[in-house]
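Take a look at the structure set out below.
The values are calculated or read from the model by the stated rules, or taken from the named source; none is laboratory data. This one's a predicted model, so the numbers in the text were calculated from it and none came from an experiment. Neighbour counts run over all protein chains shown; Cβ positions are idealised from the backbone, glycine included. Accessible surface areas use protein heavy atoms only, side chains included; no ligands, DNA or RNA. Shrake-Rupley method; radii C 1.70, N 1.55, O 1.52, S 1.80 Å.
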Amino acid sequence: MSFNTFGRLFRFTTWGESHGPALGAVVDGCPPGLDLSAEAIQPFLDARRPGQSRFTTQRQEPDQVKILSGVFEGRTTGTPISLMIENTDQRSKDYGEIAKAYRPGHADYAYDAKYGLRDYRGGGRSSARETAARVAAGAVARLVVPEVRIVAYVCEIGGDAIDRANIDLGEIGNNPFFCPDAQAAKRWEVLVDDARKAGSSLGAVVECVALGVPAGWGAPLYAKLDSELAAAMMSINAVKAVEIGDGFAAARLTGEENADEMRPGEDGPEFLANHAGGISTGQPVICRVAFKPTSSILTPRASITSDGEATEVRTKGRHDPCVGIRGAPVVEAMMALVLADQKLLHRGQIG
């Protein structure tokens, strides 16, 4: 059984392949009466769009979204919202050499083992191209949680992390890395350029912060906000790890250090720390997402063919030297989708 749908009350299903005629999402469970247009969705897709700098894939896709259903006279109707994004710049011939050989680190072998066949053109369904549909669905989800501000940024590339003393969220749009540290962004230009010229790739870490999440969202056990966020982020192509709050660092703290102490405040408790990060207490919800290096690289790697013979694979075509760079808009979208679902679940139980 294949699972292409995420969410409980606010649900979305993505469809399409990297080199198919189009891809998209169907959003179901969206409340009626919300103002929605293609123009409202487009800025988020533009942020994720490829080919905007030499540090990303040079595939030129306008990523223009079309709303096919669920909106009447500019407002959501409460029925399924169908979103479509056409593919216009596929080069399937670039993938001829991997039609019968598996890219190490990619989903090629796993898809063959599971389905007995695979769409090798750009990776088909396993391509990060699928994330465009998530970003479109996430734009709809933001309408459900207008009280929340969501911002994601790259905080590490190739092992080189930002200086948290230099964080300026206003810098994120001033460089091609979604980086809040201007000095780190300059260093990353050299890092990513060197990897690209060497036919290699780099990993990255994206941090996402949601501000204004009210206390109480999330179920006690099996639909915890933490667990829903972890599942959502891990479902993103190329993601290999997720941290909520302090994450693994919490295991190296004492109980005293990890305690989010509270004091009385005028509008509820005032917290003296935020180590938990992902429990909805009214504090910022924080998660970090680790993206592996892009598997499609020009450097030859040992592999096998579909016939089981030894070979070497080098992937031609246009690929991100660091797929995590364009991961920031995708992580934001998944945060919005989880929060929209959790808000509706909370409202459904509590009223």
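For the reader, a short list of remarks on this structure follows.
- In region 119-139, the residues that are closer than 26 Å to Ala241 by Cβ and either among the charged types (D, E, K, R) or open to solvent by 60 Å² or more (accessible area, probe 1.4 Å) (or both): Arg125, Arg129, Glu130, Arg134
- Extreme residue, modelled with the lowest pLDDT, among residues of region 51-99 that are of a type in the set (Gly, Ala, Ser) and in a helix (DSSP H, G or I): Ser92
- Arg142 meets all of the listed conditions (1) open to solvent by 20 Å² or more (accessible area, probe 1.4 Å); (2) assigned to a loop (DSSP other than H, G, I, E, B) but one, namely (2).
- Residues located in region 168-199, provided they are assigned to a helix (DSSP H, G or I) and either of a type in the set (Phe, Trp, Tyr) or over 30 Å from Arg314 (Cβ atoms) (or both): Leu169, Gly170, Glu171, Ile172, Gly173, Asn174, Ala182, Gln183, Ala184, Lys186, Trp188
- Within region 161-204, if we keep just the residues that are surrounded by fewer than 20 Cβ atoms within 10 Å (Cβ to Cβ) and closer than 14 Å to Lys292 by Cα, the residue that is farthest from the chain's Cα centre (by Cα) turns out to be Ser200.
- Total residues in region 219-233 satisfying the condition of being part of a loop (DSSP other than H, G, I, E, B) and either charged (D, E, K, R) or surrounded by 24 or more Cβ atoms within 10 Å (Cβ to Cβ) (or both): the figure is 1.
- A Cβ distance below 7 Å, combined with a sequence gap of six or more or placement on separate chains, defines the contacts here; from region 194-210, residues that are hydrophobic (A, V, I, L, M, F, W, C) reach residues that are open to solvent by 20 Å² or more (accessible area, probe 1.4 Å) and in a helix (DSSP H, G or I) in the pairs Leu202/Leu191; Cys208/Glu332.
- Filtering region 91-104 for residues that are among the small types (Gly, Ala, Ser) and within 22 Å of the chain's Cα centre (by Cα) leaves an empty set.
- Output for region 107-130, where each listed residue is part of a loop (DSSP other than H, G, I, E, B) and under 17 Å from Asp307 (Cβ atoms): Gly116, Leu117, Arg118, Tyr120
- The one condition from (1) crowded, with 19+ Cβ neighbours inside 10 Å; (2) more than 19 Å from Ala47 (Cα to Cα) that Ala215 does not meet is (1).
- Taking region 240-326 as the region of interest, the strands (runs of 3 or more DSSP E) fully inside it that hold 3 or more residues being closer than 21 Å to Val209 by Cβ and of a type outside the set (A, V, I, L, M, F, W, C) are 268-271.
- Region 234-257, residues that are buried (at least 16 other Cβ atoms within 10 Å of the Cβ) and either out of contact with any Asp or Glu (no Cβ under 9 Å at 6 or more places or on another chain) or closer than 24 Å to Cys322 by Cβ (or both): Ile236, Asn237, Ala238, Val239, Val242, Glu243, Ile244, Asp246, Gly247
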